[in-house]
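Report on one structure; see the data block that follows.
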Amino acid sequence: MPVNLQSHSGDEGDEARIEIIPLIDIMFFLLAAFMLVSLSMTHLRRVPVNLPEASTGLVETETPPFQIAIDANGVTTWEEDIVTLSEITARLKTAASSTDVRVLIAADEDARHKQVLGVLNAIREAGVEKVSFETKD
């Protein structure tokens, strides 16, 4: 459906036309492309850790809403903030009002077992039962 624009000059032979349908098609394509790209972008806001390898782990396609990292020095972070075990319990208790609270623990391969268990106990004290550990494939 072309839109005709009337020329007010003395030149009667040239008429300008704007084709609307291709413009609409292009806009829908761009909208769909931006939506797909934005869905595939996952922002991990946490401290980088060197994960241990696991050959028997199950791949989870959904990223849990709460991610806790433990680095090689034993520093525990919630996203990018350094937290204590009591802060983990308090934050999860406020979020435990919803029934499906899941936590992902990413511990460095050089982290001490005691620190990982401390984080796990803090999560359990908050009443969270769905906990997973991140590993390399």
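The values are calculated or read from the model by the stated rules, or taken from the named source; none is laboratory data. Predicted model, so just to flag it, every value in this text is computed and none were measured. Positions of Cβ are backbone-derived with ideal geometry, glycine not excepted, and every protein chain shown enters the neighbour counts. Just the protein is used for accessible areas: all its heavy atoms, side chains included, with ligands, DNA and RNA removed. Shrake-Rupley method; radii C 1.70, N 1.55, O 1.52, S 1.80 Å.
Take Arg17: with every protein chain present and a 1.4 Å probe, its accessible area is about 140 Å².
Net length available on complete extension from Ala33 to His113 is 24.3 nm, with 0.36 nm assigned per residue and the Cα-Cα distance removed.
The GluC sites (Glu not before Pro) of region 74-129 that DSSP puts in a loop, and whose beta carbon has at most 16 other beta carbons within 10 Å, are Glu79, Glu80, Glu109, Glu129. With the simple model of a label 7 Å out from the Cα in the direction of the Cβ, Ile20 to Ser132 spans 4.8 nm.
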